Amino acid sequence: MRLDQFLRASRIVLRRTVAQELCDAGAVTVNGVAARSSRSVREGDVIALRRRDRLTTLRVVGVPASRNVSKAEAAALYETIRDERARDDHDDPE
């Protein structure tokens, strides 16, 4: 399954076009490498997604057979490894 379709099916991103825009902007990496929206996703892949001031890292547990996934199934497609606020230089209390 394509990365943009996986992000949509798993409900990590609400719209596929938003997933494509994030990939085009370089905000999505798979296994540490910047990923295009057309990249294939496999079980075990580690996806890092940067949105605004959040960095979310997750591991793909399952890839759905179709794009139509129920809400309950969507949550079972990945496990969150990390979900943290991205640090800025402005965050230092100096």
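Each value in this text was obtained by applying a stated rule to the coordinates, not by laboratory testing. The shown structure was predicted, so the numbers you read here are calculated from the model rather than taken from an experiment. Positions of Cβ are backbone-derived with ideal geometry, glycine not excepted, and every protein chain shown enters the neighbour counts.
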- Note on the structure: In debye to the nearest 20, the charge dipole size for the stretch 1-91, taken about the Cα centre with +1 at each Lys and Arg Cβ and -1 at each Asp and Glu Cβ, equals 360 debye
- Message: Quick check: Cα centre of the stretch 66-86 to Cα centre of the stretch 12-37, how many Å?
- Response: 15 Å
- Message: Could you give each residue of the stretch 66-77 its phi-based ³J(HN,Hα) in whole Hz, using Karplus coefficients 6.51, -1.76, 1.60 with θ = phi - 60°, and x for Gly or Pro?
- Response: 9, 7, 8, 10, 6, 4, 5, 5, 4, 5, 8, 7
- Note on the structure: Between the residues A72, L55, A35, the Cα farthest towards the positive end of the dipole of the chain, that dipole coming from +1 and -1 charges on the beta-carbon of Lys, Arg, Asp and Glu, is from A72
- Using θ = phi - 60° and the Karplus form 6.51 cos²θ - 1.76 cosθ + 1.60, what ³J(HN,Hα) does each residue of the stretch 16-29 get, whole Hz, x for Gly and Pro? 4, 5, 5, 4, 5, 5, 4, 5, 4, 7, x, 8, 10, 10
- Can you tell me how much longer the chain between A76 and R50 gets when fully stretched, taken as 0.36 nm per residue apart minus their C-alpha distance, in nm with one decimal? 7.2 nm
- Around D45, which amide H atoms from residues at least 5 apart in sequence, or from another chain, sit under 5 Å from its own amide H, with H modelled in the peptide plane? V60
- Would you mind listing how long the chain runs along its three principal axes, going by Cα atoms, in whole Å with the largest first? 51, 25, 22
